[in-house]
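All remarks here apply to the structure that follows.
The values are calculated or read from the model by the stated rules, or taken from the named source; none is laboratory data. Being a predicted model, the structure only gives us computed values, none of them experimental. We place every Cβ from the backbone using ideal geometry, glycine too, and count neighbours over all the protein chains shown. Side chains included, ligands, DNA and RNA excluded: accessible areas come from the protein's heavy atoms. Shrake-Rupley method; radii C 1.70, N 1.55, O 1.52, S 1.80 Å.
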Amino acid sequence: TGDVLAGGIGLTRETGDEVFSLGVDVITMGNHVWDKREILEYIAEEPRVIRPINYPGNPPGNGSIVLHVRDHGVAVINAAGRVFNSAHLDCPFRRVSEEVEAVGKSASVIIVDFHAEATSEKVAMGWYLDRRVTAVIGTHTHVQTADETILPGGTAYITDVGMTGPYHSVIGIRTDLVISRFLSQMPTKFEVARGPRQFSAVLIDADENTGKARRISRIFMRE
């Protein structure tokens, strides 16, 4: 997910284009999707940036994309959770289910980025989509979980893939600023921490014909 790429909050055209120049195919978003005003124009013009599909109404951008890799369709769907997050969102379960049906006509491999706070909501989404998608990858909480698995129906699942950013931090933010807010309960402007960095990811092996996942492996590297 790229919704904190621009200095820890939101996404800009500059940061998005920089990530794409590195070979990234898709940037998913989350609860910070609208934090930079310029995203409204950028997301309308750049189909490789997708927002949570369950935002109500008709906001700019799309909630999914279908790529073509070695003559096979690969779909990526983005959704946001509602528990402890944004109750005004449409039901992510129903919206993702509808989109799975739609993209399944042109993609055998379907990856869902579920940007949510509650572990229970993410786990429920994994079981809800088992057998119907290739992978359900949780994002948002920044800390990589150790529960990667292949569900009985062949869907790869992990509650949170983790973050890529400064290791000596509180989920990417300077530790002194976060501690100050906890101690004083006063508003504090957050800043991205400096120093050693970490890289978190998952590697998924899938059958491109059936869309079933064969294995999922966590990747974590630290300077």
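Candidates in segment 196-223 are the residues that are closer than 13 Å to residue 163 by Cα and touching a residue at least 60 places away in the same chain (Cβ under 8 Å); of these, the one that is surrounded by the fewest Cβ atoms within 10 Å (Cβ to Cβ) is 220. Looking across segment 1-39, just one residue is touching a His at 6+ places or on another chain (Cβ under 9 Å) and of a type in the set (Asp, Glu), and that is 3. Looking at segment 144-154, is at least one residue charged (D, E, K, R) and over 18 Å from residue 8 (Cβ atoms)? For segment 144-154, residues charged (D, E, K, R) and over 18 Å from residue 8 (Cβ atoms): present.
Restricting attention to segment 166-199, the residues being closer than 16 Å to residue 9 by Cα and of a type in the set (A, V, I, L, M, F, W, C) number 8. For the residues 114, 84, 93, the requirement of being touching a helix residue (DSSP H, G or I) at 6+ places or on another chain (Cβ under 7 Å) and within 28 Å of residue 169 (Cβ to Cβ) singles out 114. Name the pairs: first residue in segment 127-150 and more than 14 Å from residue 97 (Cα to Cα), second residue surrounded by fewer than 15 Cβ atoms within 10 Å (Cβ to Cβ) and charged (D, E, K, R), Cβ to Cβ under 6 Å, at least 6 apart or on different chains? The qualifying pairs do not exist here. Within segment 60-73, the set of residues being at pLDDT below 95 and open to solvent by 80 Å² or more (accessible area, probe 1.4 Å) comprises 68, 70, 71.
Is segment 61-79 home to any residue that is farther than 23 Å from residue 212 by Cα, part of a loop (DSSP other than H, G, I, E, B) and not aromatic (Phe, Trp, Tyr)? Looking for residues that are farther than 23 Å from residue 212 by Cα, part of a loop (DSSP other than H, G, I, E, B) and not aromatic (Phe, Trp, Tyr), one finds at least one in segment 61-79, hence yes. Among the residues of segment 124-133, is any of a type in the set (Phe, Trp, Tyr), part of a loop (DSSP other than H, G, I, E, B) and more than 15 Å from the chain's Cα centre (by Cα)? No, every residue in segment 124-133 fails to be of a type in the set (Phe, Trp, Tyr), part of a loop (DSSP other than H, G, I, E, B) and more than 15 Å from the chain's Cα centre (by Cα). Which one is nearest to residue 107 (Cα to Cα) among residues in segment 196-209 that are modelled with pLDDT of 95 or more and not in a strand (DSSP E or B)? It comes out as 207. For segment 93-116, a tally of residues being surrounded by 17 or more Cβ atoms within 10 Å (Cβ to Cβ) and over 13 Å from residue 136 (Cα atoms) returns 5. Only residues that are assigned to a helix (DSSP H, G or I) and either open to solvent by less than 40 Å² (accessible area, probe 1.4 Å) or among the charged types (D, E, K, R) (or both) were counted across segment 183-195, and they come to 0. Check segment 140-155 and report whether any residue there is within 18 Å of the chain's Cα centre (by Cα), among the hydrophobic types (A, V, I, L, M, F, W, C), open to solvent by less than 50 Å² (accessible area, probe 1.4 Å) and at pLDDT 95 or above. Looking through segment 140-155, none of the residues is within 18 Å of the chain's Cα centre (by Cα), among the hydrophobic types (A, V, I, L, M, F, W, C), open to solvent by less than 50 Å² (accessible area, probe 1.4 Å) and at pLDDT 95 or above.
Scan segment 1-28 for residues that are touching a residue at least 12 places away in the same chain (Cβ under 8 Å) and of a type in the set (Asp, Glu) and report the count. Number of matching residues: 2. Scanning segment 166-182 for residues that are surrounded by 14 or more Cβ atoms within 10 Å (Cβ to Cβ) and either part of a loop (DSSP other than H, G, I, E, B) or at positive phi (or both) returns 167, 169, 171, 172, 174. Here is the figure for segment 1-59: residues that are part of a helix (DSSP H, G or I) and either open to solvent by less than 10 Å² (accessible area, probe 1.4 Å) or under 28 Å from residue 194 (Cα atoms) (or both) total 12.
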